[in-house]
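S.K.: To start, I am sharing the structure in question, which I have written as structure tokens.
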Amino acid sequence: MERLLRRIQTSPINFRWILSFAVLMVFAPAVYGPTAYAQGTKEDYERSKNYYRRHQDKVYRIRFEPNWIGDAQDKFSYRIQTASGAYEYVFVDAKSRTREFAFDHELLAKQLAELSGKSVRSKTMSLNLSFADSLESVRFRFAGSDYEFDRGEQKLSKVDQSISRAGAEGLTPQSLIARSRDNGSRTPIRFDNRLDETLSIYWVTRDGNYQSYGEVAGGKNETLSTYSGHAWLLRNRSGEPIASFVASEDVEQAVIDEKTPKPKRSFRNRYRGRGRSNLVSPDDKWRVSFEFSNVRLTNIQDESTRLLTDTGTDRDSYGGRVWWAPDSSAFVVMQTKQEDQREVRIVDSSPDDSVHPRLISFSYTKPGDELDQPRPVLFAAKNDWEPQVIENERFSNPFAIRELDWHQDSKSFSFLYNQRGHQVYRLIRVDAQTATPSVIIDESPETFVCYSQKSFLKRLDDTNEAIWMSERSGWNHLYLIDTETGSIKNPITSGEWVVREVERVDTDARQIWLSVSGIEPGQDPYYLHLIRINFDGTDLVRLTEGDGTHRWRFSPDNRYLIDSYSRVDMPAVTILRDANTGEQLVELERGNMDALLETGWQPPERFVAKGRDGETDIYGVIVRPTHFDPDKTYPVLEAIYAGPHSAFVPKSFGLQGSLYEMAELGFIVVKIDGMGTSHRSKAFHDVCWKNLGDSGFPDRIAWIKAASEDRPEMDLSRVGIWGGSAGGQSAMRALIAHGDFYHAAVADCGCHDNRVDKIWWNEQWMGWPIGPHYAEQSNVTQAHKVQGDLMLIWGELDRNVDPASTMQVIDALVKANVDFEQLVMPGQGHGAAGHPYAKRRQADFFIRKLWNREPRSE
């Protein structure tokens, strides 16, 4: 308007017409709404739909797979993408702290072209290198032939395939069983089994668990879809590890033959308790079995057998796992009083194989339901294997009993007791001689124990100690516990920062490696760092450095650390470090996003503002459309997920597709972590206790208002919000409790009433027994308070959140005569709004409600 008035003042032509047009423009927004910017056009939808295609693969020098060389494990090579279709091959010597080209790229390309008779460009060669142990030569496969390049003589030669080293034509076998790292690009992996036996295929998760993916027969191939950085293990029928590979986007073949080295089990574990279970005793003399809900013991030597119990029934049964004492003198099983399981029924209205709907039923326990009651029973040889039921006064109301294990001296066993309601969390020890239980460690906070995310136990039987995770100080830390007395010997970690995960424990050196956040002053408190510290809390060593959130991988022998850190506004910087001291040895790569910026893309803006108390920093990001015009104003859309189990604002570099796809339609998009989410102080987290309806909204609204103060493009007269699952619950809650600020909301598959959703998630934060606060914070009971425009999306086959949760909201809205929109997605499960049709309908809704115009997606 200011520009228009200046034109009126300076232009002598048709002044009256221009003045009339200016007056019209002044009043146009009141009459027509904010339609002058013509958002919701076909071009906007195309930009949103093709966001990834336009921006993917335009950031370089950020990802690589190190191939460690030789027994010394202090040298490695890797291939790094430097531009579109361009690569460099790098050789790193950790001991000498050097990084250099693995070979003369121009020279090798020239010789390779001569020998192969094919056109070869030095920058686009795609090779999988395999260094000789002497490092004097490097081999690779190209166009069906094997080659060897002598690094000293700088000469390339063909290699007789009959003497070619096994594995040179494909992925490098790992010497230790690898674990998956965060997802890279999707890529195939082809297992070429050249052995005579069938091998089982397992995906190895980040936590070291195995998930079966079928088999590959001897002499056959099997191709799977995976991601770069995902680890795979092949085992024979006896369970023996045969080969381990890490998928790469560069090479898909994984060869397994007689020369493939068998991987060893890595001693770097994320401990979740030992919990050994075996039907056969350690001395191979006894075997336990279960017969009609009772316990049978068999002497393996003479096959004599005996039924040890006769009181087991279908509803009060012995069964499941068997825990043997190390010296085979006793074992423990669970006797479980079973309750009826709730079943949820959903309708597949449009199955692919029939014109008739299909009813589907499945077990689904909800808050307040009766739970099975497990109780350990001891069988000891000294008592002629008679059952001894453990007196359960100290663990009488279990939500779960887990991590049961015998101590090494066989004199006692212990287990974790998580009491219903999650306000009592104990380590219980049972004396094997008397069957008497005692409490070793007791957590009884006023609010809740975050057992699903902040629990760690490592028994140190040799010294009668345990490493224990607790928020008793107000921050999540580790403690060294004397298991004889239950007293704290010392905090292992302390301070106004949090332990996020235990990475590795070295009991011999009495040292522990930890993923932590908030430890670096001046940095975002959610950024991950790696530290090492002694069991007695001394000698804390920061092993990562740099303003960003860190990811790391250790060398196979754990002596070196490849540390990669990034921010939402900075691609990864990768450093090789000493894994014991954290000292930087050599900078490996520094990400380059120039090609991405040339498309018009700009990274998310990091923003910090004070929360509801005027003191606590609240962190979030602001995302603008790639065609952002600073002279325009835009509606604000918040992407919300306020689940207390974690925090959700992105911290590492990426395209952040879900945020930008919505922004491309003409919105300023924000994402915020308010109070009640995790990874900060206990007080910050406790806001969620019996209070999920809060969803951190007082902090979110304060943050958005603070951001808009010097960002005039953010129009707070048009604010929308969307989310799925718990985010769907929060999105609708925004219009119930804060309809004066939020004007439109899309709730996808929302758990709108915490009494109707899954038990573990809801009782952990809302408590037990079910109190009036459940109803008070239900979107169903509060539906009549909705202000603004609401759209509900749900999938009829949702097994995560009972679809009845949304239908009950709809029933309440109808009874209250509140208008809303609904989209039911046949054949879709949880997260139905991710379907292309639903995504388009969600976009249409916000265009209509916040831009006040009819969308033109086609």
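S.K.: So if R0 is 35 Å, what FRET efficiency would ARG121 and ASN221 give, r being the distance between their Cβ atoms, rounded to the nearest 0.05?
M.R.: In this case the efficiency is close to 0.70.
S.K.: I've got another one for you. Please report the antiparallel percentage of DSSP beta bridges with both residues in the chain, rounded to the nearest 5.
M.R.: Of the beta bridges lying entirely in the chain, close to 85 percent run antiparallel.
S.K.: Less than 23 Å apart at the alpha-carbon level, and either on another chain or at least 8 residues along: which lysines does that give for LYS220?
M.R.: LYS259, LYS262
S.K.: Under the Karplus relation 6.51 cos²θ - 1.76 cosθ + 1.60, θ = phi - 60°, what is the ordered set of whole-Hz ³J(HN,Hα) values for segment 765-781, x standing for Gly and Pro?
M.R.: Going residue by residue, I get 9, 9, x, 8, x, 5, x, x, 5, 4, 5, 5, 9, 7, 5, 6, 6 Hz, with x marking Gly and Pro.
S.K.: Compute the Cα gyration tensor for the chain, then decide on rounded, prolate or oblate, letting a ≥ b ≥ c be the square roots of its eigenvalues: rounded whenever a/c is under 1.5, prolate when a/b is larger than b/c in the other cases, and oblate in all that remain.
M.R.: oblate
S.K.: Excluding same-chain residues fewer than 8 positions from LYS411, which lysines have a Cα within less than 28 Å of its Cα?
M.R.: Those lysines meeting the cut-off are LYS285, LYS337, LYS382, LYS458, LYS489.
S.K.: Taking the dipole about the Cα centre of the chain, with the C-beta of Lys and Arg at +1 and of Asp and Glu at -1, give me whichever of MET766, TRP406, GLN584 is farthest to the positive side.
M.R.: Toward the positive end, the furthest listed residue is GLN584.
S.K.: OK, next. Checking the a/c ratio against 1.5 first, then a/b against b/c, what shape does the Cα gyration tensor give for segment 76-177?
M.R.: It comes out rounded by the Cα gyration axes.
S.K.: Residue by residue, what Karplus-based ³J(HN,Hα) values in Hz, rounded to whole numbers, does segment 488-493 have, using 6.51, -1.76 and 1.60 with θ = phi - 60° and x for Gly and Pro?
M.R.: 7, 6, 5, x, 7, 10
S.K.: Moving on. Which is farthest toward the positive dipole end of the chain among LEU279, THR633, PRO173, measuring Cα position about the Cα centre, with Cβ charges +1 (Lys, Arg) and -1 (Asp, Glu)?
M.R.: So the residue we want is THR633.
S.K.: Over the chain, calculate the relative contact order: mean separation of alpha carbon pairs under 8 Å at least 6 apart, over the residue count, as a percent.
M.R.: In percent, rounded to a whole number, it is 9.
S.K.: Hey, what do the phi angles of segment 585-592 turn into as Karplus ³J(HN,Hα) couplings, whole Hz, using 6.51/-1.76/1.60 and θ = phi - 60°, x for Gly and Pro?
M.R.: 9, 6, 7, 8, 8, 9, x, 10
S.K.: Please state the charge dipole magnitude for segment 433-550, taken about the Cα centre, from unit charges on C-beta atoms (+1 on K and R, -1 on D and E), reported in debye and rounded to the nearest 20.
M.R.: With only Lys, Arg, Asp and Glu charged at Cβ, the dipole is about 140 debye.
S.K.: For THR463 paired with SER444, estimate the spin-label separation in nm (one decimal), with each label point 7 Å from Cα along the Cα-to-Cβ line.
M.R.: Distance between label points: 2.9 nm.
S.K.: Rounded to the nearest 0.05, what FRET efficiency do GLN433 and ASN236 have when you use their Cβ-Cβ distance and R0 = 41 Å?
M.R.: The calculated FRET efficiency here is 0.45.
S.K.: Counting other Cβ atoms within 10 Å, which GluC sites (Glu not before Pro) in segment 450-496 have at most 16 and lie in a DSSP loop?
M.R.: The qualifying sites are GLU484, GLU496.
S.K.: Still on this structure, I have one more. Just report the Cα centroid separation between segment 452-523 and segment 805-849, whole Å.
M.R.: Their Cα centres are 45 Å away from one another.
S.K.: Using alpha carbons only, how many angstrom separate the centre of segment 671-692 from the centre of segment 233-257?
M.R.: Each part reduced to its Cα centre gives a spacing of 42 Å.
S.K.: A further question on this structure: Taking square-rooted eigenvalues a ≥ b ≥ c of the alpha carbon gyration tensor, is segment 544-640 rounded, prolate or oblate, where a/c under 1.5 means rounded and, failing that, a/b exceeding b/c means prolate?
M.R.: oblate
S.K.: Tell me, in nm to one decimal, what length is gained between ARG510 and ILE300 on full extension, where the rule is 0.36 nm per residue of separation less the Cα-Cα distance?
M.R.: Gain on extension, ARG510 to ILE300, equals 71.6 nm.
S.K.: Another question, if that's okay. On a full-extension model of 0.36 nm per residue, what is the gain between ASP104 and SER487, subtracting their alpha-carbon distance, rounded to one decimal in nm?
M.R.: Between ASP104 and SER487, full extension yields 131.6 nm more.
S.K.: Grab the other residues whose beta carbon is less than 13 angstrom from that of LEU797, score K and R as +1, D and E as -1, and report the net.
M.R.: -2
S.K.: How do the peptides 79-89, 690-700 rank, highest first, by the average count of neighbouring beta carbon atoms within 10 Å per residue?
M.R.: 690-700, 79-89
S.K.: When the dipole is taken about the Cα centre of the chain, and only Lys, Arg (+1) and Asp, Glu (-1) are charged at their Cβ, what size is it in debye, to the nearest 20?
M.R.: The dipole magnitude comes to about 1660 debye.
S.K.: Moving to a separate point now. Which residues does the label zone of GLU46 cover in segment 838-856, counting backbone N under 15 Å from a point 7 Å along Cα→Cβ?
M.R.: 856
S.K.: Take the Cβ-Cβ distance between LYS382 and GLU545 as r, set R0 to 60 Å, and report the resulting FRET efficiency rounded to the nearest 0.05.
M.R.: 0.60
S.K.: Quote to one decimal, in nm, the extra length available between ASN278 and ASP57 on full extension: 0.36 nm per residue of separation minus the C-alpha distance between them.
M.R.: Taking 0.36 nm per residue and subtracting the Cα distance, the gain is 74.7 nm.
S.K.: What net charge do the residues around TYR417 carry, taking every other residue with its C-beta under 9 Å from that of TYR417, with Lys and Arg at +1 and Asp and Glu at -1?
M.R.: +3
S.K.: Could you tell me the center-to-center distance, by alpha carbons, between segment 757-778 and segment 729-755 in angstrom?
M.R.: If we compute the Cα centre of each part, the gap is 17 Å.
S.K.: Tally Lys and Arg at +1 and Asp and Glu at -1 over the other residues with C-beta under 11 Å from the C-beta of CYS749: what net charge comes out?
M.R.: -4
S.K.: Could you check the spin-label model distance between ASP819 and GLN453? Points 7 Å from the Cα along Cα→Cβ, value in nm.
M.R.: Taking the two extended label points, one gets 3.9 nm.
S.K.: Using a simple charge model, +1 on the beta-carbon of Lys and Arg, -1 on the beta-carbon of Asp and Glu, nothing else, what dipole does segment 339-405 show about its Cα centre, in debye to the nearest 20?
M.R.: 120 debye
All of the numbers you see were taken from the coordinates with simple rules; none came from a lab. Predicted model only: the values in this text are computed from it and were never measured. With ideal geometry, Cβ positions are generated from the backbone for all residues, glycine too; neighbour counts draw on all protein chains shown.
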